[in-house]
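Visitor: Quick one: the structure is below, and I'll ask about it shortly.
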Amino acid sequence: MRPDLVGVVTGAASGLGRATAELLLEHGARVAGWDVSGDGLEWLSDRGTTRAAVVDVTDPAQVAAAAEQVRGAWGRVDFLVNSAGVFVLGSLADVEVAEVRRLFDINVTGTTLVTQALLPDLVAARGAVVNLSSTVALKPSVSNAHYAASKAAVAQLTRCWALELAPHGVRVNAVAPGPTSTPLFAAAGMDLATTESFLAQRAATIPLGRTGEPTEVARWITRLIDDEWVTGHVLPVDGGTSIA
Ligand SMILES: NC(=O)c1ccc[n+]([C@@H]2O[C@H](COP(=O)([O-])OP(=O)(O)OC[C@H]3O[C@@H](n4cnc5c(N)ncnc54)[C@H](O)[C@@H]3O)[C@@H](O)[C@H]2O)c1
């Protein structure tokens, strides 16, 4: 990876955001980690190459203030990874409207707000955005339709922004992970037994026979930040789920 890149990872307190921030730091990048969970960000504080901020990505004032802090500290933003997100399990018959609104607010509006706030910096740096879509955005599945729809929205935002921002030299890509073992499902209120059975059921449908590890997704996110002639891709990282 090119040395000395500077950027922001949202959802850096946990799961794929944390694994990506760790890998970027190993590659010599400076990383500002944003998350609504302050406790989970402690691992990022007190290091010269890191900054941590408690930010709710749905709150424009918090996002603007955190963007200003990064500018003040490091003066530029080369990359943005939009990993903050939530999952909702529920059929059409049971899903609650408030949950649907919250899901779209975080997964779709949050991704938009953060990217918009950092856009002048990304344009100035001819930088890169990597969004988190999902394999369920590409292939229909039962019991998580609204989550899948929010991730399909992220996939299409990725393609549209890639076209819109290409004249400015800004690349926009997404990864579409398959089921990966992270606290995402616990955060959605699923207990350990339900999560394990959900992931086992999913694993049985994955051609490569297992769920993913956060580092396996993080590797492709860093690759998409670094590759300078790739834009508008929604890359499945899913053990073959999307082609089965
Ligand atoms: N784990 C999977 O199987 C999987 C598969 C496909 C896509 N994804 C996507 O990857 C992304 C990361 O998920 P994960 O698996 O690492 O889950 P995770 O729960 O481990 O991490 C998500 C992080 O986002 C943060 N977050 C939630 N709401 C926020 C808000 N309003 N503002 C700021 N931060 C907020 C959470 O506090 C958490 O730290 C999500 O967008 C998820 O939809 C995950």
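The values are calculated or read from the model by the stated rules, or taken from the named source; none is laboratory data. Remember, it's a predicted structure, so these values are computed and weren't measured experimentally. In this analysis, Cβ positions are derived from the backbone assuming ideal geometry, glycine residues included, and neighbour counts consider all displayed protein chains.
Visitor: All but one of (1) free of Cβ contacts under 8 Å to residues at least 40 places away in the same chain; (2) within 11 Å of the ligand (Cβ to nearest atom) hold for Ser134; which doesn't?
Guide: Evaluating Ser134 over (1) free of Cβ contacts under 8 Å to residues at least 40 places away in the same chain; (2) within 11 Å of the ligand (Cβ to nearest atom) leaves (1) as the failure.
Visitor: I'm told Met1 meets every condition in (1) closer than 24 Å to Asp238 by Cα; (2) within 16 Å of the chain's Cα centre (by Cα) except one. Can you identify the failing condition by its number?
Guide: (2)
Visitor: Separate question: Please work out which residue is farthest from Thr182 (Cα to Cα), limiting yourself to segment 207-217 and to residues that are in contact (Cβ under 8 Å) with a residue 40 or more places away in the chain and near the ligand (Cβ under 10 Å from one of its atoms).
Guide: Out of the qualifying residues, it is Val217.
Visitor: Would you mind stating whether Ala218 is of a type in the set (Gly, Ala, Ser) and either surrounded by fewer than 20 Cβ atoms within 10 Å (Cβ to Cβ) or part of a strand (DSSP E or B) (or both)?
Guide: Taking the combined requirement at face value, the residue does not satisfy it.
Visitor: Turning to a different aspect of this structure: Within segment 114-147, count every residue that is out of contact with any Pro (no Cβ under 7 Å at 6 or more places or on another chain) and farther than 22 Å from Trp229 by Cα.
Guide: 14
Visitor: Got a sec? Which of Ala204, Ala152 is without any contact (Cβ under 8 Å) to a residue 40 or more places away in the chain, farther than 23 Å from Asn107 by Cβ and more than 11 Å from the ligand (Cβ to nearest atom)?
Guide: After applying the criteria, what remains is Ala204.
Visitor: Answer with yes or no whether Ala162 is more than 8 Å from the ligand (Cβ to nearest atom), touching a residue at least 12 places away in the same chain (Cβ under 8 Å) and surrounded by 14 or more Cβ atoms within 10 Å (Cβ to Cβ).
Guide: The answer is yes for Ala162.
Visitor: Follow-up. Please find, within segment 171-189, the residue that is surrounded by the fewest Cβ atoms within 10 Å (Cβ to Cβ) out of those that are more than 6 Å from the ligand (Cβ to nearest atom), among the aliphatic types (A, V, I, L, M) and closer than 26 Å to Asp226 by Cβ.
Guide: Per the stated criteria, the residue is Val172.
Visitor: Across segment 181-227, what is the number of residues that are closer than 29 Å to Val129 by Cα and of a type in the set (S, T, N, Q)?
Guide: Residues flagged as closer than 29 Å to Val129 by Cα and of a type in the set (S, T, N, Q) within segment 181-227 amount to 5.
Visitor: If the Cβ limit is 6 Å and pairs must be 6+ apart or interchain, which residue in segment 36-61 that is among the basic types (Lys, Arg) pairs with which residue that is within 15 Å of the ligand (Cβ to nearest atom)?
Guide: Hits for this filter: Arg51/Ala32.
Visitor: For segment 27-53, how many residues are aromatic (Phe, Trp, Tyr) and over 18 Å from the mean Cα position of the chain (by Cα)?
Guide: 1
Visitor: Would you mind listing the helices (runs of 4 or more DSSP H) fully within segment 138-214 where at least 2 residues are at pLDDT 95 or above and in contact with a Lys or Arg (Cβ under 8 Å, 6 or more places away or on another chain)?
Guide: 145-165
Visitor: Another one. Cβ-Cβ distance below 7 Å, separation of 6 or more or different chains: which pairs start in segment 169-186 with a residue that is over 22 Å from Gly240 (Cα atoms) and end on one that is outside any strand (DSSP E or B) and among the hydroxyl-bearing types (Ser, Thr, Tyr)?
Guide: Arg171/Thr231; Val172/Thr158; Val172/Thr231; Pro183/Ser14; Ala186/Thr195
Visitor: Would a scan of segment 10-21 turn up a residue that is touching a helix residue (DSSP H, G or I) at 6+ places or on another chain (Cβ under 9 Å) and either modelled with pLDDT under 95 or under 15 Å from Thr115 (Cα atoms) (or both)?
Guide: yes
Visitor: Related question: Scanning for something among the aromatic types (Phe, Trp, Tyr) and either closer than 17 Å to Gly15 by Cα or in contact with an Asp or Glu (Cβ under 8 Å, 6 or more places away or on another chain) (or both), does segment 172-189 turn up at least one residue?
Guide: Yes.
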